[in-house]
Structures are given as C-alpha cells and as structure tokens.
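As structure tokens, the structure follows; a few thoughts come after it.
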Amino acid sequence: MNERAMRAPRRYEISIDRAGLALGVGSVLAGGIVLGLLLLGGQRDPLALASGWMIGSVFAGIALTAVGGPLWLVMHVAGLRRPRHAALVGAVTAMAIFVGAQTYGFGMFEMPPMDNSAWLYRWLSALASSAVLAVIAAIIGVVMWRVAYRREP
C-alpha cells in the first residue's frame, strides 16, 4: 500500500468565531465585485464608490447568510469540508442566483413582449456572465474556507 492510503483522512474543524470572521471576509470580498462593476461603469466619485462597496458588502453578507449558510451547513454535516467543496458551493449558488435573476426566474415569470424574440440570446448571455461571477464566487468560497477551517490535531 502506498503511504497516502495508509494515512487517515484529513478532518477539519471550525469554530463560531472563525465562521463569523469568514462571513465578514466573504462579504467584504463580494462587495468588491460591486466596486469593480462601478469602476467598469465609469464611476469615479470616491463617495459613490465607497457607498457601493459598503452596500454591496451588506447585501452580500445577507445573501451569504441566507443562501450559502444553509447549503454549507449541509455540506459540513455530510463531511464535505474541503476547499473544493467550498468552491463548488460558491460557484453553484452564484450561477443559480445570477442565471435565475437574468432569465425571469428561469422562465417562470412573464417576460416583456420585446424579450420574446431574444430569449436564446438572454439565456446565453445569462450563462456567460454568470459563469464569470461563479468563478469569482468559487474563489471567495475558498478564501472563506481558509479563514474558517483548521485541521484537527
């Protein structure tokens, strides 16, 4: 047998203070997405940029707590506590939220008549732009995991 097969699987522990710190770090990083979008949109007013970053951080914190928290709790209880699992949770939730927001709730809500002729473009655009945000959310998930978890002794 090789050495890796003989070792016990790595176990990770978390504490409530590190979980809270990870939530704060994730919120601040996600607020940076809003800041980046404002800068890409041409905003240069320092007060508007700071306000956008703070508001983005607050709403990201709410989303992380309301959506990501329960999903990560399920993953944690199931023993799926590795960085790749954190990346997966971040990417999948971001992809689902942003695609759903851009496609009228995955087509469940009525579209304006002018969008009927461009529904394929809307879906392709939603998938492409959401994929970029999903990659960023996966990175944020890994950073949050690194802040929150420590190996068990």
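Tally up the carbon and sulfur contribution to the accessible surface of the chain as a whole percent, 1.4 Å probe, everything protein left in place.
Values: 7300 of 10140 Å².
Percent of accessible area from carbon and sulfur atoms in the chain: 72.
For residue 12, which sequence-distant residues (separation of 5 or more, or a different chain) have an amide H within less than 5 Å of its own amide H, given hydrogens modelled in the peptide plane?
Answer set, sorted by chain and number: 152.
So how long is each side of region 24-72 along the principal axes, counting just the alpha-carbon atoms, biggest first, in Å?
37, 16, 14
Under the 0.36 nm per residue contour assumption, what length would be gained going from the current alpha-carbon distance of residue 120 and residue 101 to full extension? It would help to have the intermediate numbers written out before the result.
Working: separation 19, 0.36 × 19 = 6.84 nm, distance 1.53 nm.
Taking 0.36 nm per residue and subtracting the Cα distance, the gain is 5.3 nm.
Can you give the calculated 222 nm mean residue ellipticity of the chain, where each DSSP H run of n ≥ 4 adds -39,500 (n - 2.57) and the sum is split over every residue, rounded to the nearest 500 deg cm²/dmol?
Values: 6 runs with 106 residues, N = 153.
Calculated from helices alone, the mean residue ellipticity at 222 nm is -23500 deg cm²/dmol.
Give the relative contact order (percent, whole number) for the chain; include only Cα pairs under 8 Å separated by 6+ residues.
Values: 153 pairs, mean separation 57.3, N = 153.
Result for the chain is 37 percent.
Calculate the spin-label point distance for residue 77 paired with residue 14, positioning each point 7 Å from the Cα along the beta-carbon direction, and give it in nanometres.
With each label placed 7 Å out from Cα toward Cβ, I get 1.3 nm.
Using 0.36 nm times the number of residues separating residue 128 and residue 84, minus their current alpha carbon distance, what extension gain do you get?
Working: separation 44, 0.36 × 44 = 15.84 nm, distance 2.18 nm.
Length gained between residue 128 and residue 84: 13.7 nm.
Where in the chain lies the longest segment free of chymotrypsin sites (Phe, Trp or Tyr not before Pro) that are both loop residues by DSSP (not H, G, I, E, B) and have at most 16 other Cβ atoms within 10 Å?
That gives 1-103 as the longest site-free run.
For region 47-98, rounded, prolate or oblate, judged on the Cα gyration tensor with a ≥ b ≥ c (square roots of eigenvalues), a/c < 1.5 rounded, else prolate if a/b > b/c? Intermediate results must be reported in sequence, preceding the final value.
Working: a/c = 2.75, a/b = 2.46, b/c = 1.12.
Prolate, since a/c reaches 1.5 and a/b exceeds b/c.
Please work out the ratio of the alpha-carbon Rg of the chain to 2.2 N^0.38 Å and round it to two decimals.
1.25
Who wins for biggest fluctuation among 80, 23, 47 in a Gaussian network model of the chain, springs between alpha carbons below 10 Å?
Highest fluctuation among the options: 47.
The values are calculated or read from the model by the stated rules, or taken from the named source; none is laboratory data. Everything numeric here is computed off the predicted structure, so don't read it as measured data. As a convention, Cβ positions derive from the backbone with ideal geometry for all residues, glycine included, and neighbour counts pool all protein chains shown. The area values use the complete protein model at the heavy-atom level, side chains included, leaving out ligands, DNA and RNA. Shrake-Rupley method; radii C 1.70, N 1.55, O 1.52, S 1.80 Å.
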